[in-house]
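K.L.:
Okay, here's the structure, questions in a sec.
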Amino acid sequence: DAGITQSPRHKVTETGTPVTLRCHQTENHRYMYWYRQDPGHGLRLIHYSYGVKDTDKGEVSDGYSVSRSKTEDFLLTLESATSSQTSVYFCAISNGHLQETQYFGPGTRLLVL
Amino acid sequence: GDSVTQMEGPVTLSEEAFLTINCTYTATGYPSLFWYVQYPGEGLQLLLKATKADDKGSNKGFEATYRKETTSFHLEKGSVQVSDSAVYFCALSDGGNDMRFGAGTRLTVKP
């Protein structure tokens, strides 16, 4: 199994507070991704990174920012959480871009009250 | 834009039954197609993929053929087991900056 961890695994927060989710990999993969999973929508790409300090937006990037200061860490920040951001968040990594196999972390369940 | 439509679930089958989960796609280019599987409480795992028309992906007894003429990538397995109970996602990537997933199909296999 690819070495991908996410922290925290569960979080409850209040509307308007900032939240940061962390993805950590031990595989030295170049690409890292953040998705959200919601019923009826499957997974939707939020942001991705193609190298240290290199990031780009996905389909549903509004309200989210990311940072990658080291190869192994990719952070997702909700600057001011809203109830619509209640979701399960998955990090993924790959050696190539999206047409290559992605390896997913275990997920973070976020509840915004 | 690109999109994936897969059959709604849930699907409930008896052990050793034949499985088909339909997936159709809309894309302007020549995407790669994937099936991912999610077991309870876990992240997604790649099940199989195909990168060009008429390619057949296969793994663990599952198969799917990339049909450009019908824009489909249906997942099949001849004899399902209880351990195949999971949520299955069809997905496509056109090599650009996005990956599109279907809504997922939950499969339950009963002994």
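K.L.:
Nearest-5 percent of antiparallel DSSP beta bridges in chain B?
P.N.:
If I count the DSSP bridges inside chain B, around 90 percent turn out antiparallel.
K.L.:
Carbon-plus-sulfur fraction of the accessible area of chain A, 1.4 Å probe, in percent?
P.N.:
The nonpolar share, carbon plus sulfur, comes to 47 percent.
K.L.:
Is the stretch A:1-68 best put as rounded, prolate or oblate by its Cα gyration tensor, with a ≥ b ≥ c the root eigenvalues, rounded for a/c under 1.5, and otherwise prolate when a/b is larger than b/c, oblate when not?
P.N.:
Taking the square roots of the gyration eigenvalues as a ≥ b ≥ c, the stretch A:1-68 is rounded.
K.L.:
Follow-up. Just name one of A:Phe90, A:His10, A:Thr71: the one whose Cα is farthest towards the positive end of the charge dipole of chain A (beta-carbon charges, Lys/Arg +1, Asp/Glu -1).
P.N.:
Most positive-ward Cα: A:His10.
K.L.:
In debye to the nearest 20, how big a dipole does chain A give about its Cα centre with +1 on each Lys and Arg Cβ and -1 on each Asp and Glu Cβ?
P.N.:
Rounded to the nearest 20 debye, it is 160 debye.
K.L.:
Gaussian network model of chain B, Cα springs within a sub-10 Å range: biggest mean-square fluctuation belongs to which of B:Leu44, B:Leu33, B:Leu75?
P.N.:
Evaluated over chain B, the most mobile residue of the options is B:Leu44.
K.L.:
Something else about it: Using all Cα-Cα distances in the protein assembly as shown, what percent lands in each 10 angstrom bin from 0 up to the longest?
P.N.:
Taking every Cα pair in the protein assembly as shown, the percentages come to 8, 34, 35, 19, 4, 0.
K.L.:
Can you send over the carbon and sulfur percentage of the accessible area for chain B, probe radius 1.4 Å, protein chains only?
P.N.:
Here carbon and sulfur together make up 46 percent of the probe-accessible area.
K.L.:
Of the chymotrypsin sites (Phe, Trp or Tyr not before Pro) in the stretch B:1-84, which ones lie in a loop per DSSP and count no more than 11 other C-beta atoms within 10 Å?
P.N.:
Filter output for the stretch B:1-84: B:Phe18.
K.L.:
If I take every Cα pair under 8 Å that is 6 or more residues apart in chain A, average their sequence separation and divide by the length, what percent do I get for the relative contact order?
P.N.:
After rounding, I find 35 percent.
K.L.:
Just read off the accessible area of A:Thr5 with the full protein assembly in place, 1.4 Å probe, to the nearest 10 Å².
P.N.:
Roughly 80 Å² of A:Thr5 is accessible to a 1.4 Å probe.
K.L.:
For the stretch A:1-98, with every protein chain kept in place, what is the accessible area per residue (1.4 Å probe, Å²)?
P.N.:
Solvent-accessible surface per residue comes out at 46 Å².
The values are calculated or read from the model by the stated rules, or taken from the named source; none is laboratory data. None of the values given here were measured: they were computed from a predicted structure. When we count neighbours, we look across all protein chains shown, and the Cβ atoms used for this are built from the backbone with ideal geometry, even at glycine. Please note that ligands, DNA and RNA were not included when accessible areas were found on the heavy atoms of the full protein model with its side chains. Shrake-Rupley method; radii C 1.70, N 1.55, O 1.52, S 1.80 Å.
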